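Remarks on the structure that follows.
The values are calculated or read from the model by the stated rules, or taken from the named source; none is laboratory data. In this text the structure is predicted, and so the values were computed from the model without any measurement. Note: ideal-geometry Cβ built from the backbone for every residue, glycine included; neighbour counts use all protein chains shown. Protein only, heavy atoms only, side chains kept; ligands, DNA and RNA dropped before computing areas. Shrake-Rupley method; radii C 1.70, N 1.55, O 1.52, S 1.80 Å.
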Amino acid sequence: MDSRNETDDAAPRGLVVAAFAAIYLIWGSTYLGIRFAVETIPPFLLGGTRFLLAGGALYAWLRLKGVPNPSGYHWRNAAIVGGLLLGVGNGGVNWTEQKVASSLTALLIAITPLWFVLLDWLRPGGLRPSPQTMLGIVVGFAGVALLVGGPDFNRENSIHLPGVAALMIASIAWASGSLYARYTPKPDSSLMAGALQMLAGGAALFAVGLLSGEAAKFDWAGVSGRSAWALTYLTVIGSLVGFTAFSWLLKVSTPARVSTYAYVNPVIAVFLGWAIGGETLPPRALWAAAVIVFGVVIITVRKSSPTPAECEVVGKPDTGLKSVSNCIEEA
């Protein structure tokens, strides 16, 4: 822990602050960006275009810098991880945001770390979570029940239950892909691993768009200016800038500090959905948001040394990022 603090102290403070602002604001804003994009762009073609462009650009830049070309098993693993994280994870988010507000989507996706802990426990040879982590899981799912379980909330917001189910599947797929990535070989460069996963996930999403008939019905001339700008933002800022900032922070800051995005992003998403997107949440949803975020905080923050099963901070299905080993310690 001391060595990581020394690394953190050696990094330019201004750059560290800017990088944290990037992962807080950029990743918190991608949910609203997706909502604007799917207004006139089909969800799977949107994800396929975004990640093929971002992954292709990142891969080309890394190869020009001399990063070695990944081996065949790296591509195979990336295809599995990218298919789960982006094909199912991001695809589910994109599809759902046609019917569900971006703020609600962000809150439901915020429980992904809960699924990760549960799946890591249930896998063969998995480790039982600590009592504190189990408490966080219970609190987090109680928040979800509070969010979607009230008849008054369903009536006022016309919540789309198939969308909620799709988000649960998306978060489970993201946690599953993160677990697979954790225990399989990856390229030495975290940026290259992310590029491969974006390419694989983008190809999967584009294939779904073709097979589902999205491409046959889609007319680029019908894309609104707001959707076009949202796609550009998601590709360049959300995937490339956000990913680069996150990867750099993992090298220069402590895991405890970097992992704060897990409970800051939903708050940013709710605020932006209200301030820019015109979304409204009843008091019940705001209380549920606080409960969900509190559950994530319980899981990710502890004063004692965590077990190996609790040392992974999972990314989010709207970013296009791989999972990263990221133990939470006392900051």
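Assorted remarks:
- Complete set of residues in the stretch 183-241 that are charged (D, E, K, R) and under 20 Å from Y59 (Cα atoms): K186, D188
- Some residue of the stretch 288-298 being open to solvent by 10 Å² or more (accessible area, probe 1.4 Å) and at pLDDT below 80: no
- Selection from the stretch 38-57 of residues that are more than 17 Å from the chain's Cα centre (by Cα) and either open to solvent by less than 10 Å² (accessible area, probe 1.4 Å) or among the small types (G, A, S) (or both): I41, G56, A57
- Test for Y233: is it closer than 19 Å to G194 by Cα, open to solvent by 20 Å² or more (accessible area, probe 1.4 Å), among the hydroxyl-bearing types (S, T, Y) and assigned to a helix (DSSP H, G or I): yes
- Qualifying residue in the stretch 208-227 (condition: open to solvent by less than 40 Å² (accessible area, probe 1.4 Å) and within 30 Å of V67 (Cβ to Cβ)): yes
- Options A203, A181; residue that is surrounded by 14 or more Cβ atoms within 10 Å (Cβ to Cβ), at negative phi, in a helix (DSSP H, G or I) and at pLDDT below 95: A181
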